[in-house]
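Everything below concerns the one structure shown next.
What follows draws every value from the coordinates through simple rules; no lab data is involved. Not measured: the values here are computed from a predicted model. Please note: Cβ atoms are built from the backbone with ideal geometry, for glycine as well, and neighbour counts cover all protein chains shown.
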Amino acid sequence: MRNTVAVVTSQGILYQNHYYTCWRAISEQWFDQASAYLMLELDVQVKDDLLYIVLESGESITLSIISSTKKYTTNEREEYFVKLNQLKLEKGSIKNDRS
């Protein structure tokens with residue numbers, strides 16, 4: 001396993017000219033926190049062509065490559081998070097109805 005550094009940008013986690021993401025970055029909105037004025041570096045590990053974040057707790061999170069290079073506006077990202085949260089709420093209410 002090789003240790004290296006990736007950079008969190010508004011478009012994703014940048015490593016070797018590719019953008020990646022993970023559930024933690026999305027839920028904690030890392031990409032909204034990154035800007036042209038704030039560069040966030042992230043320690044990552046590479047193993048078998050997969051990229052991992054290793055948290056202080058020792059938890060390992062696999063990063064997924066982002067295939068789209070479209071740049072999204074802040075409003076588009078906010079709309080995405082609102083819709084995602086609505087789906088989560090609907091999923092939770094469906095589970096409760098089945099109980």
(request) Taking the Cα centre of the chain as origin, work out the dipole magnitude from +1 charges on Lys and Arg Cβ and -1 charges on Asp and Glu Cβ, in debye rounded to 20. (result) 320 debye
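Report the relative contact order of the chain, percent, no decimals, based on alpha-carbon pairs under 8 angstrom and at least 6 residues apart.
Details: 113 pairs, mean separation 25.5, N = 99.
Across the chain, relative contact order equals 26 percent.
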(message) Between helix 74-98 and the chain, what is the angle of the helix's C-alpha long axis to the longest principal axis, kept within 0 to 90° and rounded to the nearest 10?
(response) 50 degrees
(request) Using +1 at the Cβ of each Lys and Arg and -1 at the Cβ of each Asp and Glu in the chain, identify which of Tyr52, Ser64, Leu89 lies farthest towards the dipole's positive end. (result) Leu89
(request) At q = 0.20 Å⁻¹, work out log10 I(q)/I(0) for the chain with the Debye formula, treating every Cα as an identical point scatterer and leaving solvent out; two decimals please. (result) -1.03
